[in-house]
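Shown next, in structure tokens, is the structure this report addresses.
The values are calculated or read from the model by the stated rules, or taken from the named source; none is laboratory data. Note that this is a predicted model, so its numbers are computed, not measured. Cβ placement follows ideal geometry from the backbone for every residue including glycine, while neighbour counts extend to all protein chains displayed.
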Amino acid sequence: MDKETLRLIINDQQKVFNDNAGLIERDISIDKYLKGNEIIIISGVRRCGKSSLLKLISKKIPGKKVYINFDDIRFTDFNMNNFSDIDNMIEQGSNTTYFLDEIQNIEYWEKWVNNLNAKGIKVFVTGSNSKLLSSEISTYLTGRNKIIKLYPFSFTEFLRLKGISIDYKTSSEKSDIVSSFHKYLDIGGFPLVIRNDDTELTKQYFEDILNKDIIRRYHIRKVKELNDLIVYLFSHAGNIYSYSTLKQVSSIKSLSMIKNYIHFLEEVFVAKKVDLFDYSIKKQKTSSSKFYSLDIGFLNVIAFNFTENRGKRLENLIFIELIRKGYNVYYHNKIRECDFVIKEGLKITKALQVCVNISDPQTRKREIDGLMDAMTTYKLQEGIIITLDQEENLKLKNKKIKVIPAWKWLLGKG
């Protein structure tokens, strides 16, 4: 690629990068990533807003900012010598910051980024495609690096995009929040899906991820068996599964292959498995797990009749928020089952149940008994039951249980 063409492309991209129209602030503590000389990697599922986060970060950084999107088709002729051309055309210094989008498209990118880092230049990097998953970028870098894990929009970010304040003062404003929550519970958090109210985009996103980032990348031949496994897992999100069941429903005979397929789904940020908590690591690893989608919208386009199961949908949504907050999440199943327990350090510090409605006496007893079993096991004085719209405070055996609507819990108002 000749230097003049390269210069024009970078200038064109810089103009687009500086246009902040339509940007939605993300609920991420960015400041801690601005200091120091570490390379910052933004990691996450396709279409979750990584490029927009680069823009948001650039607004907080003074000095010279250089943005390059290597996904631009005009970079087809880019070669290793062009890295030197970029260095020569940009006046570099301690006050220069690089924002590099889809970096993995260019051969030898890691050598150049490491070299920039060695010069003391701050670098922010995104990337996610079949050549190199964003979760793998750090393995190619010799310089110190930090990772920002980005997910589709939280409920707070959903409301921000819709222009709805979380600080309601009237019953009408509260009603807007509650109705928006039900919409969010249906369509999920992908920014463009929310803007366009188009769940077909979610289907397209998942098909792209499956075909490009999993099937093509890992040279999978048994595509039907993989699809059968995926449909089963997403249709039974939140349920405890055994590998013997997965072998049966998918016709995949190899246990290691099933484990690999689930690992691939985790690597591309579309799903995550949750293990049973046990102080014995051996028991923890040999116990059955649960499976959750990392965007609620995927359940609509993959799962069979999942839209009818509001309870499991709500449970999955709460799981996503716990992961977004950076918690280590497990489930509890000693005498009774508790949906989620949170491990901080060496201890379990929180226990949560999720249930659409606890008005039915049998349901109420089941949910409370499961939560109390976890609270007793881990010596917790407080627990939470998250519902669709019920709210109350309970006190049982000197322990407190807070029953709170999901929308209120998601907004941190409980």
Legend entry - Elements of type strands (runs of 3 or more DSSP E) in the stretch 247-335, at least 1 residues being in contact with a helix residue (DSSP H, G or I) (Cβ under 9 Å, 6 or more places away or on another chain), in the same structural domain as residue 218 (by TED's automatic domain parsing) and within 19 Å of residue 386 (Cβ to Cβ): 271-275, 289-293
Inset, instruction - Give the residue, chosen from 54, 100, that is touching a Ser or Thr at 6+ places or on another chain (Cβ under 8 Å), at pLDDT 95 or above and in a helix (DSSP H, G or I). - result: 54
Legend entry - Only one of 302, 320, 342 that is buried (at least 18 other Cβ atoms within 10 Å of the Cβ) and modelled with pLDDT under 95: 302
Legend entry - In the stretch 221-240, the residues that are crowded, with 18+ Cβ neighbours inside 10 Å, of a type in the set (A, V, I, L, M) and not in a helix (DSSP H, G or I): 237
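Can you tell me which residue among 50, 60 is crowded, with 20+ Cβ neighbours inside 10 Å and among the basic types (Lys, Arg)?
50
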Legend entry - Hey, residue 146 under 17 Å from the mean Cα position of the chain (by Cα), basic (Lys, Arg) and either assigned by TED's automatic domain parsing to the domain that holds residue 106 or surrounded by fewer than 18 Cβ atoms within 10 Å (Cβ to Cβ) (or both) or not: yes
Legend entry - the stretch 369-391 residues that are assigned by TED's automatic domain parsing to the domain that holds residue 343 and within 16 Å of residue 314 (Cα to Cα), paired with ones that are among the small types (Gly, Ala, Ser) and in a helix (DSSP H, G or I) (beta carbon under 8 Å, 6 or more apart): 386/406; 387/406; 388/406
Inset, instruction - Working carefully through the options 379, 365, 397, 312, find the one that is at pLDDT below 95 and over 30 Å from residue 224 (Cα atoms). - result: 397
Legend entry - Set 212, 183: member being under 24 Å from residue 273 (Cβ atoms), in a helix (DSSP H, G or I) and basic (Lys, Arg): 212
Legend entry - Extreme residue, farthest from residue 58 (Cα to Cα), among residues of the stretch 121-145 that are modelled with pLDDT of 90 or more and not β-branched (Val, Ile, Thr): 122
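Per-residue answers, yes or no, for (1) in contact with a strand residue (DSSP E or B) (Cβ under 9 Å, 6 or more places away or on another chain); (2) under 28 Å from residue 297 (Cα atoms):
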| residue | (1), (2) |
| --- | --- |
| 36 | yes, no |
| 42 | yes, yes |
| 51 | yes, yes |
| 56 | no, yes |
| 86 | yes, no |
| 101 | yes, yes |
| 115 | no, no |
| 125 | yes, yes |
Legend entry - Residue in the stretch 151-173 that is polar (S, T, N, Q), surrounded by 14 or more Cβ atoms within 10 Å (Cβ to Cβ), modelled with pLDDT of 95 or more and part of a loop (DSSP other than H, G, I, E, B) present: yes
Legend entry - Matching residues in the stretch 74-98 - criterion: being closer than 18 Å to residue 4 by Cβ and among the β-branched types (Val, Ile, Thr): 76, 86, 90
Legend entry - Matching entry among 218, 243, 184 (being in contact with a helix residue (DSSP H, G or I) (Cβ under 8 Å, 6 or more places away or on another chain), among the aromatic types (Phe, Trp, Tyr) and surrounded by 19 or more Cβ atoms within 10 Å (Cβ to Cβ)): 184
